[in-house]
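Quick notes on the structure that follows.
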Amino acid sequence: MKRTLCILALLALVAQAHAAPDLGKALEGTNWRWDTYKLKGVTFVSRMETPVTLRFFKSSVSWIEDCNGVIGRYILKNHRLSVPHPIGTQKFCGSEKSAVASALGGFMKHGVIVKLDFKNGLPSELTLNSATSSGVMTLIPAREKR
């Protein structure tokens, strides 16, 4: 009986490990746009004409910070993602989304805890919890304009 329980427990662990998707592979090729956020010291912006966006590639991620484009190789370990050396343009834009875009840049550089939710087998929501402050950003799949 004891042996049977041990075998069942081992099989359950193997099945769970097999069912868990590889986060890096799940993010690869996805595009996200800012939906909501809670950031200390940042005024809430209810609607932005051009939303903050993130795009994941095989081992890099790009995002739009205000009117500046940024890209960098990311490190992903145990659901913690960081982009330690991002590169991008540095124009002063002064638009309504500057605070949100700057916060996203800080999140990515210093690290975030990533939570990826699925609906009907497709990525449906990406939550970024700051690893260094008390901020949370939620992104939803970006729809391409045609």
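Exactly one residue among 83, 45, 112, 70 is hydrophobic (A, V, I, L, M, F, W, C), farther than 17 Å from residue 132 by Cβ and modelled with pLDDT of 70 or more, and that residue is 70. Does residue 57 qualify as being modelled with pLDDT of 90 or more, surrounded by fewer than 15 Cβ atoms within 10 Å (Cβ to Cβ) and of a type in the set (Phe, Trp, Tyr)? Spelling it out, residue 57 is indeed modelled with pLDDT of 90 or more, surrounded by fewer than 15 Cβ atoms within 10 Å (Cβ to Cβ) and of a type in the set (Phe, Trp, Tyr).
The values are calculated or read from the model by the stated rules, or taken from the named source; none is laboratory data. Not measured: the values here are computed from a predicted model. Glycine also receives a Cβ, built like all others from the backbone with ideal geometry; neighbour counts cover every protein chain displayed.
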